[in-house]
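Encoded as structure tokens, the structure appears first; notes follow it.
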């Protein structure tokens, strides 16, 4: 799942402050932490089971990225000259997209990066902009995300495989609003949301040929797409008129199915794989958050890390392996990855 740039940035700021101040499922679940780190936060999982994310380094007083292989080996990386490196997506080849913060003279910049499987990092920014937030990376190495201009307006961008950058707006541009692009698939179709002049949130689909359409989930007052798979299915969440959050999946023909996890008071869908399996989080009675996997036939499986106070999936790969974050009884944050979820 990408955590959204705002959520990830907020989490990282909290980490930096801390550093400077100092019903369960039978599914196989492996928990992990970066050694000697705090708040291990997976954000995505590749088709081959590589988990990427970030953690707090208590020795360096910084936020660094990590890569965890399926065999459990794990290592960290960070952009040179930065105390905050935030991966946001990984593709099947092990290319990682993300952003890092850097102070340059009197100005602070958020700079995008692509890290190749050999560990080399290529930095980039939308030309003339100080805040570039990549969010996802396709099989072809195309990166989608958004940037914020000096007017604090968000705009979408796509960084193509040759390094060129195209920018776009799905709706009006104004202070505090704009376009947030979050997901891209192997065919370079991307999705995300924008806010209209009444600050109502709508979804969009931008195709590789440049055509775009907006959409809303039935009964929605706000629609927030999160991810798109190779077949063009889009998943995300929407808020209804009763301020209840529910999940949705938009089919390639434009039809939209809505859903909620069993016994849920709120449901948030965050990722979809090429089989149409969807993962996300729901809340029930009380404050605990639970994970779920929704099968293409609409059946749900609950995902709870044993003894966790909350379980929050962030990504699912084509094999049905899920990664995410859980909190223990002390409120400390850790990573997890599951075995494949089977089913139709």
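Each reported figure results from applying straightforward, stated rules to the coordinates on display, with no laboratory input. The model shown is predicted, which means the values in this text are computed figures rather than measured ones. Because the Cβ atoms are built from the backbone with ideal geometry, glycine has one as well, and the counts that use them run over all protein chains shown.
Given (i) 0.97; (ii) 0.92; (iii) 1.58 as candidate values of Cα Rg over 2.2 N^0.38 Å, which corresponds to the one derived from the coordinates? Looking at Cα Rg over 2.2 N^0.38 Å for this model, the match is (ii). Expressed to the nearest 5 percent, the antiparallel share of DSSP beta bridges inside the chain is 95 percent. Label positions at residue 139 and residue 287, each projected 7 Å from the Cα along the C-beta direction, are separated by 4.4 nm.
Using 0.36 nm per residue of separation minus the Cα-Cα distance, give me the extension gain between residue 93 and residue 166 in nm, one decimal. It would help to have the intermediate numbers written out before the result.
Values: separation 73, 0.36 × 73 = 26.28 nm, distance 2.32 nm.
Stretched out fully, the residue 93 to residue 166 stretch lengthens by 24.0 nm.
Could you compute the FRET efficiency for residue 174 and residue 242, with r as their C-beta to C-beta distance and R0 at 35 Å, rounded to 0.05? Result of the calculation: an efficiency of 0.80. Projecting label points 7 angstrom from Cα along Cα→Cβ for residue 265 and residue 116 puts them 5.0 nm apart. Stretching the chain fully between residue 330 and residue 257 yields a gain of 22.5 nm (0.36 nm per residue, less the alpha carbon separation). Taken along the Cα-to-beta-carbon direction at a fixed 7 Å, the label points for residue 73 and residue 107 span 4.1 nm. For the pair the stretch 78-94 / the stretch 163-207, the C-alpha centres are spaced 23 Å from each other.
In the chain, the calculated helix contribution to ellipticity at 222 nm averages -1500 deg cm²/dmol per residue, counting -39,500 (n - 2.57) for every DSSP H run with n ≥ 4. Under 18 Å from a label point set 7 Å out along the Cα-to-Cβ vector of residue 48, the amide N atoms of the stretch 83-104 belong to 89-97.
Based on every Cα atom in the stretch 231-309, Rg and the maximum pairwise Cα distance Dmax equal 12.6, 42 Å.
If a/c stays under 1.5 just call it rounded; otherwise compare a/b with b/c (prolate if a/b is bigger, oblate if not). Do that for the stretch 196-245, with a ≥ b ≥ c from the square roots of the Cα gyration tensor eigenvalues. Can you show the working numbers first?
Details: a/c = 3.15, a/b = 1.59, b/c = 1.99.
Judged from the Cα gyration tensor, the stretch 196-245 comes out oblate (a/c at least 1.5, b/c at or above a/b).
Sorting the segments 282-294, 200-212 by their mean number of nearby beta carbons within 10 angstrom, highest to lowest, gives 282-294, 200-212.
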